[in-house]
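The values are calculated or read from the model by the stated rules, or taken from the named source; none is laboratory data. Remember, it's a predicted structure, so these values are computed and weren't measured experimentally. Note that we place each Cβ from the backbone using ideal geometry, even for glycine, and neighbour counts take in every protein chain shown.
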């Protein structure tokens with residue numbers, strides 16, 4: 001089975017992730033009363049946990065799939081930053097590109113009671129990276145890019161990703177034809193010119209293209225518009241329960257569109273699904289998969305993680321099992337057409 005051969009090759013590949021590092025903090029408790037001070041629930045804390053978030057979660061997905069990964073991002077000179085770096089190193093994620101800067105580490109704290117999120121509060125400073133810190137990051141990107149098989153840009157709009165950073169990345173990726181995959185953020189689409197792939201969801205694709213996507217005709221229009229505007233080689237639009245649509249340029253400069261139906265049987269939680277998609281796609285492409293084959297594998301990985309509660313990851317074993325089950329169906333891909 002070609003999919004199995006690709007997945008078994010993950011362990012030989014090395015991915016560089018450039019993006020916004022986030023520490024996800026979860027506080028779990030019980031609510032038995034309302035505060036006498038204000039009409040709000042009083043949460044009696046039972047436990048708390050810390051997880052890798054943002055670009056760090058993409059790295060966690062790469063590790064879970066058996067790949068090798070380095071991360072480039074920023075943390076603060078604070079307790080949260082120290083803990084985030086320790087979590088990365090515990091996962092055997094290379095942290096030479098993690099810079100300490102004079103701003104707080106981005107932390108998202110979620111208070112959960114009786115399996116329901118009560119409140120979330122964020123601590124962050126999303127000013128654009130500048131000065132010496134930017135220069136250090138640029139130098140790291142220059143040195144690290146040729147040493148990796150694929151580069152992922154994980155943009156959470158927390159200050160790291162900028163037009164100048166992407167231009168530098170593209171410049172040093174070009175000589176070796178290093179594949180650059182971007183998980184985009186609304187408002188930053190103009191940064192991503194000349195990358196290899198972007199992976200927006202429907203909402204992001206609508207904003208980025210200026211096309212309100214509501215049917216197949218508008219989907220095709222948005223895809224064509226994004227490829228043209230950004231001069232990208234390919235585009236993968238994730239469409240929730242409708243699966244994914246891959247747009248790629250042929251050698252004849254035609255746009256080939258492939259619709260891939262969802263394989264998710266139950267959807268419990270979509271948290272982190274985008275991180276799983278781009279991580280799996282990047283590893284698959286690095287391991288020799290075609291764009292369409294990489295998209296099919298990523299689609300199965302997404303189907304696995306949305307079937308679990310919380311930020312989940314796919315493993316090589318679960319991915320192979322899902323693909324084997326999927327191969328019993330008549331078609332992995334619903335349609336393919338040229339525009």
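Return a yes/no flag: does segment 7-14 have any residue that is in contact with a helix residue (DSSP H, G or I) (Cβ under 8 Å, 6 or more places away or on another chain) and within 24 Å of residue 161 (Cβ to Cβ).
Filtering segment 7-14 for residues in contact with a helix residue (DSSP H, G or I) (Cβ under 8 Å, 6 or more places away or on another chain) gives 7-8, 10, 13-14.
Then drop every residue that is not within 24 Å of residue 161 (Cβ to Cβ), which leaves 13-14.
The answer is yes; a qualifying residue exists.
Just a yes or no: is a residue in segment 24-44 over 24 Å from residue 132 (Cα atoms) and under 17 Å from the mean Cα position of the chain (by Cα)?
Going through segment 24-44, the residues over 24 Å from residue 132 (Cα atoms) turn out to be 24-44.
Adding the requirement that they be under 17 Å from the mean Cα position of the chain (by Cα) leaves 24.
Within segment 24-44 (the criterion being over 24 Å from residue 132 (Cα atoms) and under 17 Å from the mean Cα position of the chain (by Cα)), the answer is yes, since at least one residue qualifies.
Does segment 34-48 include one or more residues that are touching a residue at least 60 places away in the same chain (Cβ under 8 Å), under 30 Å from residue 170 (Cα atoms) and part of a strand (DSSP E or B)?
Looking for residues that are touching a residue at least 60 places away in the same chain (Cβ under 8 Å), under 30 Å from residue 170 (Cα atoms) and part of a strand (DSSP E or B), one finds none in segment 34-48, hence no.
For the condition under 15 Å from the mean Cα position of the chain (by Cα) and either part of a loop (DSSP other than H, G, I, E, B) or modelled with pLDDT under 90 (or both), what is the one hit in 282, 312?
Of 282, 312, the one residue that is under 15 Å from the mean Cα position of the chain (by Cα) and either part of a loop (DSSP other than H, G, I, E, B) or modelled with pLDDT under 90 (or both) is 312.
Going residue by residue through segment 145-159, is there one that turns out to be free of Cβ contacts under 8 Å to residues at least 60 places away in the same chain, surrounded by 19 or more Cβ atoms within 10 Å (Cβ to Cβ), out of contact with any strand residue (DSSP E or B) (no Cβ under 6 Å at 6 or more places or on another chain) and under 26 Å from residue 51 (Cβ atoms)? Before the answer, list the steps.
Going residue by residue through segment 145-159, those that are free of Cβ contacts under 8 Å to residues at least 60 places away in the same chain are 146.
Cutting the leftovers down to surrounded by 19 or more Cβ atoms within 10 Å (Cβ to Cβ) gives us none.
No - not one qualifying residue is present in segment 145-159.
Residues being over 30 Å from residue 41 (Cα atoms), free of Cβ contacts under 8 Å to residues at least 60 places away in the same chain and part of a strand (DSSP E or B): count how many of those fall in segment 83-116.
The qualifying residues number 6.
Hey, does segment 133-144 have a residue that's closer than 20 Å to residue 54 by Cβ and loosely packed, with under 11 Cβ neighbours inside 10 Å?
no
Of all residues in segment 205-220, how many are in contact with a helix residue (DSSP H, G or I) (Cβ under 8 Å, 6 or more places away or on another chain), part of a helix (DSSP H, G or I) and over 15 Å from residue 243 (Cβ atoms)?
Residues that pass the stated criteria total 4.
Does segment 1-25 hold any residues that are over 22 Å from residue 68 (Cβ atoms) and buried (at least 18 other Cβ atoms within 10 Å of the Cβ), and which are they?
Listed by number, the residues that qualify are 23, 24, 25.
Within segment 221-264, considering only strands (runs of 3 or more DSSP E) that don't extend past its boundaries, which have at least 2 residues that are touching a strand residue (DSSP E or B) at 6+ places or on another chain (Cβ under 6 Å) and buried (at least 23 other Cβ atoms within 10 Å of the Cβ)?
Values: elements: 234-238, 244-249, 255-260.
Because the criterion is at least 2 residues that are touching a strand residue (DSSP E or B) at 6+ places or on another chain (Cβ under 6 Å) and buried (at least 23 other Cβ atoms within 10 Å of the Cβ), the strands (runs of 3 or more DSSP E) in segment 221-264 that meet it are 234-238, 244-249.
What single numbered condition from (1) more than 25 Å from residue 300 (Cβ to Cβ); (2) surrounded by fewer than 18 Cβ atoms within 10 Å (Cβ to Cβ) fails to hold for residue 91?
So residue 91 meets the others, but not (1).
Could you list, in sequence order, the residues of segment 203-220 that are buried (at least 17 other Cβ atoms within 10 Å of the Cβ), farther than 15 Å from residue 190 by Cα and either touching a residue at least 60 places away in the same chain (Cβ under 8 Å) or in contact with a strand residue (DSSP E or B) (Cβ under 9 Å, 6 or more places away or on another chain) (or both)?
213, 219, 220
Could you go through segment 185-193 and let me know if any residue there is surrounded by 14 or more Cβ atoms within 10 Å (Cβ to Cβ) and part of a helix (DSSP H, G or I).
Within segment 185-193, one or more residues are surrounded by 14 or more Cβ atoms within 10 Å (Cβ to Cβ) and part of a helix (DSSP H, G or I).
Taking residue 66 as the residue in question, decide whether it is crowded, with 17+ Cβ neighbours inside 10 Å, on the phi > 0 side of the Ramachandran plot and modelled with pLDDT of 95 or more.
yes
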